[in-house]
């Protein structure tokens, strides 16, 4: 079945998979959250991460409409948690600049969807957690690609979706804020 945009609509099994992954991530967040607002923001954050990772795996795209919705949800929860808007806006800008610079250096190997998604994640996480999360994403993505290359399942010039690795890194950063920042500062 085709959607209005010409892309194949997700199968029921895809939707069930997304829901199961989201519930697992939301449960993990609920076990670590300190306040009710943090639990709810974590549930929304993990839902956004799963949806973005799924769309990048399934269609190779990170849709602008989803990025905008995810950004607006971030604004709501940033306000509810009483966090610094200028700091998180800086995370948005710096995240976008960093990934756009990588896009230019990779000659398009990193898509504009990844850059926009990075801006949204930078807004949700702030600059320090964003950079730590991106470091985790690059390590995981590199390891995954190395395994696929070693098993001769892909060629070294193959394109892999980076959105899922950004989602994993962001989830780890969101869930383990203090531990990630301690680890990140130790690396510097």
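With the checklist (1) buried (at least 18 other Cβ atoms within 10 Å of the Cβ); (2) modelled with pLDDT under 90 in hand, flag the one item residue 109 doesn't pass.
The single condition residue 109 does not satisfy is (1).
Please tell me if residue 53 is in contact (Cβ under 8 Å) with a residue 40 or more places away in the chain, touching a helix residue (DSSP H, G or I) at 6+ places or on another chain (Cβ under 6 Å) and within 19 Å of residue 173 (Cα to Cα).
yes
Hey, among 100, 117, 79, which residue is closer than 21 Å to residue 66 by Cα and surrounded by fewer than 13 Cβ atoms within 10 Å (Cβ to Cβ)? Talk me through it step by step, then tell me what you get.
Working: 100 fails: surrounded by fewer than 13 Cβ atoms within 10 Å (Cβ to Cβ); 117 fails: surrounded by fewer than 13 Cβ atoms within 10 Å (Cβ to Cβ).
From the options 100, 117, 79, the qualifying one is 79.
Before we move on, is residue 170 over 17 Å from the mean Cα position of the chain (by Cα), surrounded by 15 or more Cβ atoms within 10 Å (Cβ to Cβ) and assigned to a helix (DSSP H, G or I)? Before you say what the answer is, go through the steps one by one.
Details: over 17 Å from the mean Cα position of the chain (by Cα): no; surrounded by 15 or more Cβ atoms within 10 Å (Cβ to Cβ): yes; assigned to a helix (DSSP H, G or I): yes.
No.
Spot the failing condition for residue 154; the list is (1) without any contact (Cβ under 8 Å) to a residue 40 or more places away in the chain; (2) crowded, with 19+ Cβ neighbours inside 10 Å, and only one is missed.
(2)
Which one of 75, 80 is touching a helix residue (DSSP H, G or I) at 6+ places or on another chain (Cβ under 7 Å), assigned to a helix (DSSP H, G or I) and without any contact (Cβ under 8 Å) to a residue 60 or more places away in the chain?
Within the list 75, 80, the selection yields 80.
Between 97, 104, 16, which is more than 25 Å from residue 131 (Cβ to Cβ), out of contact with any helix residue (DSSP H, G or I) (no Cβ under 8 Å at 6 or more places or on another chain) and part of a helix (DSSP H, G or I)?
After ruling out the rest, the residue left standing is 16.
Could you tell me whether any residue of region 173-182 is modelled with pLDDT of 95 or more and buried (at least 18 other Cβ atoms within 10 Å of the Cβ)? Break it down stepwise before answering.
Our first condition is that a residue be modelled with pLDDT of 95 or more; within region 173-182, this holds for none.
No, the conditions are met nowhere in region 173-182.
So is residue 53 at pLDDT below 80 and surrounded by 14 or more Cβ atoms within 10 Å (Cβ to Cβ) or not?
Answer is no for this residue.
Can you report the number of residues in region 101-125 which are farther than 20 Å from residue 61 by Cα and free of Cβ contacts under 8 Å to residues at least 40 places away in the same chain?
Of the residues in that region, 1 qualify.
The values are calculated or read from the model by the stated rules, or taken from the named source; none is laboratory data. Everything numeric in this text was worked out from a predicted model, so none of it was measured. Cβ: placed from backbone, ideal geometry, glycine included. Neighbour counts: every protein chain shown.
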